[in-house]
Amino acid sequence: EKLDKYPGGRHCDKSTGHSGAVHCLSLSSDGRYLASGGADSLIHIWDVRSNRKLDGLEGHRDVVSGSCFRRGTHTLYTSSFDRTIKVWDVDQMGYVETLFGHQEPVSAIDALHQEKCVSCGADSSARLWKVAEESHLVFRYTSPRAALDVTSNVDCIRYINPTHFATGAQDGTVSLWTSQKKKPLVSIANAPGEGNWIS
């Protein structure tokens, strides 16, 4: 049963909702804000309590592929096919900064409590961003089936705890990483079955 419906669609203008596909959703840890990102390069902020759109955040130049709130805050991180990560202050409905580093579209992003986030993308890498220090670590993914010329784009990423994260790649491999090593602790090939992507 639907509780509510937020406006959008091909003929929708940006003041009311997305005009294309919605690619990501994230909810603030206090349940107050819902952020949606889409093919229209926009991020919309919705007030969950009143079921209304508060504002739209503009700045990405391509599909917004991922979003996540830093836990315990209203700091929003977004990733995009424009190869950037953006940081937003949702309380002020304002842009904070852009993080550069990915060489291809960014697929996904995740964050915990600290001023850090992890992202992954079509450049076959995962990156751990130390936002306050304006630096990042690069973790290169090499497909166990690289000799077979199988694509190794990394499509999804999730923090497990402040020092460990997991990635899923288009070749069907799930990898567990630590921030202390540049290579995965373990990789499980064909995790979803032969020829299936993880996203």
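Some notes on this structure:
- Arg61 under 30 Å from Val186 (Cα atoms) and surrounded by fewer than 21 Cβ atoms within 10 Å (Cβ to Cβ): no
- Picking from residues in segment 143-196 that are of a type in the set (Val, Ile, Thr) and more than 22 Å from Ser65 (Cα to Cα), the one that is modelled with the lowest pLDDT is Val150.
- Checking segment 13-29 against the condition returns a match, with at least one residue being at pLDDT 95 or above, in contact with a strand residue (DSSP E or B) (Cβ under 9 Å, 6 or more places away or on another chain) and either charged (D, E, K, R) or assigned to a loop (DSSP other than H, G, I, E, B) (or both).
A quick yes/no check of all residues on (1) within 28 Å of Ser143 (Cα to Cα); (2) open to solvent by less than 40 Å² (accessible area, probe 1.4 Å); (3) basic (Lys, Arg):
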{"position": "Gly17", "(1), (2), (3)": "no, yes, no"}
{"position": "Leu34", "(1), (2), (3)": "no, yes, no"}
{"position": "Lys53", "(1), (2), (3)": "no, no, yes"}
{"position": "Arg83", "(1), (2), (3)": "yes, no, yes"}
{"position": "Val87", "(1), (2), (3)": "no, yes, no"}
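- Of all residues making up segment 105-120, the number that are in contact with a strand residue (DSSP E or B) (Cβ under 7 Å, 6 or more places away or on another chain) and either without any contact (Cβ under 8 Å) to a residue 40 or more places away in the chain or closer than 18 Å to His74 by Cα (or both): 7
- Near pairs, Cβ below 7 angstrom, 6+ apart or cross-chain, from segment 177-199 (more than 25 Å from Trp129 (Cα to Cα)) to any residue that is open to solvent by 60 Å² or more (accessible area, probe 1.4 Å) and at pLDDT 55 or above: Ala189/Pro144
- Segment 40-51: number of residues that are among the small types (Gly, Ala, Ser) and surrounded by 14 or more Cβ atoms within 10 Å (Cβ to Cβ): 1
- From the list Ser124, Ser179, Ser135, Ser143, the one residue that fits, being in contact with a Ser or Thr (Cβ under 7 Å, 6 or more places away or on another chain), of a type outside the set (A, V, I, L, M) and surrounded by fewer than 19 Cβ atoms within 10 Å (Cβ to Cβ), is Ser179.
- Residues (of a type in the set (D, E, K, R), in a strand (DSSP E or B) and open to solvent by 30 Å² or more (accessible area, probe 1.4 Å)) located in segment 96-118: Glu97, Lys116
The values are calculated or read from the model by the stated rules, or taken from the named source; none is laboratory data. Keep in mind it's a predicted model, so treat the numbers as computed, not measured. When we count neighbours, we look across all protein chains shown, and the Cβ atoms used for this are built from the backbone with ideal geometry, even at glycine. For the accessible areas, the whole protein counts, side chains as well, though only heavy atoms, and no ligand, DNA or RNA atoms are used. Shrake-Rupley method; radii C 1.70, N 1.55, O 1.52, S 1.80 Å.
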